[in-house]
Structures are given as structure tokens and as C-alpha cells.
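One structure is given below, encoded as C-alpha cells.
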Amino acid sequence: MKHNLDIETWNRKEHFNFFKQFDEPYYGVTVNLDCTKAYLRSKELGVSFYNYYFHKSLTAINQLENFRYRIENNQVVIYDQINASATILREDHTFGFSSVKYSINFEEFNQDLLQEIARVKQTTGLFTADLMNNIIHFSALPWINFTSLSHASSLKSEDSCPKISIGKLVQENGRRHMPFSLHVHHALVDGYHVGLFFEKLQLLLNE
């Protein structure tokens, strides 16, 4: 479900109208997050670390209203729930876009994600499912301990979905860290909200 945001009474009306006109309205930051507790917790549960931090990332997204905003027909809509489209790597080293439904319950999310990964691996091509606007784009580069990241983009695109990319898990001095890259549409999300996201995500990873 979704409903319209009243732009005329929005305290970010001028910000929205300014940044939505940009050829490249996205900006991004990369943060090195401590994943020590999250990694150990995933092992205790006997689940994929990827699936575990994927769920924490989506949980943080859903808990922050600005990350549930999308631009549709020059209006801002607020979705009740945000799901994800993750890139799933196949045996032939190609990848396909998936459709991953969010659930606050990790067990339900994990089972759905495992089924979706298995499904996409049996497909070919890039687009394997119909995707809505209430998603984030999620990808992992587990081979690279990157410090920054950019995304391919089309100047004609009306995309306003946040994009998260995760890098290589690195162990150092008894701690495990990973780079988390987040790109957001500046007409919808400011630096303050990005700070809230990473603060909330770190707390979730520390549970």
C-alpha cells in the first residue's frame, strides 16, 4: 500500500523541487561497518551471513520514512513496505535481478530469499521478475574491500530507489568489518537521513 505525501506542506518542498531537476540527483557514501556480532550471530543461527545482513539492511530501510519515499508522476508517494531487488550471481558468472519480499520476521525472510536465489539461478538473462517501485537495489561485491563506489545510471531514468552495495568482509584485530555503500536520491533523502540509516543499521548489526 502507498499514499501521497503533501508536497505543498512538506518542509522539504524546496529541496525536492530543486534536486528533482538534476541530471544526476543521486549521491552516495561508503561506510565501514562493524559486522563482528552480526557475523557471529549468523553462525550461531546456522544461516547465511549474506541473508542475515541483507535482512538487517532492509529492516533499517523500512524503519525510516524518507527511505520509503518514491517519486511517481512528479509526486512523492510513501510506501508502507519496502522490498528489494538483489543481484543474484549464477554459475556462469552472469547475474539476474531478483524480487525479494521483506518480512520483519527473519525466518520468513530467510526462507523466501533462499527460494528466490534458487529460482534466479535457474534462469537466464537480466530481468527475471516484474519489479515495483517499492524496492531498494541491493548488490554484493564480496571480492572487493572498496572505499568508494559509483553506479551506472541513465539520465532519462525516473528511478528514485535507494541502492545498497556491500563489499568484502575483512577480519582485523579480532573484529570483522565490511564496506557498505548507500546511494540515495537527493530530492527525497538528505545527509541527515543517511546518518540515521547507518546509525540504525549498526545498532541492528550489533544485536
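Before moving on, here are some points about what is shown:
- Largest first, the three principal axis extents of the alpha carbons in the stretch 2-205 are 49, 40, 30 Å in whole numbers.
- Excluding same-chain neighbours fewer than eight residues apart, the lysines reachable from K101 by a Cα-Cα span under 20 Å are K2, K56, K121, K163.
- The chain: relative contact order in percent, alpha carbon pairs under 8 Å with at least 6 residues between: 30 percent
- Put simply, the C-alpha atoms of the stretch 1-117 give a gyration tensor, and the ellipsoid matching it has half-axes of 32, 17, 16 Å, longest first.
- Taking R175, R41, R12 as the candidate residues, the one with maximal mean-square fluctuation in a Gaussian network model of the chain, Cα springs under 10 Å, is R175.
- Relative to the longest principal axis of the Cα atoms of the chain, helix 191-205 runs at roughly 20 degrees.
- Potential lengthening between S153 and R90 on full extension [0.36 nm per residue; Cα-Cα distance subtracted]: 20.4 nm
- Annotation: peptides 87-93, 201-207, ranked by per-residue average of other Cβ atoms within 10 Å with the highest first, follow the order 201-207, 87-93.
- Against the chain, whose longest principal axis comes from its Cα atoms, helix 49-62 is set at around 20 degrees.
- Partner aspartates and glutamates for K20 [C-alpha distance under 18 Å; skip if fewer than 8 residues away on the same chain]: D6, E8, E72, E158, D159, D190
- Degrees, to the nearest 10: 106-121 long Cα axis against longest axis of the chain: 90 degrees
- Considering only the stretch 2-205, percent of DSSP beta bridges that pair antiparallel, nearest 5: 75 percent
Values quoted throughout were computed directly from the atomic coordinates according to the rules given, and no laboratory measurement underlies them. As the structure is a computational prediction, the values presented were derived from the model and not from experiment. With ideal geometry, Cβ positions are generated from the backbone for all residues, glycine too; neighbour counts draw on all protein chains shown.
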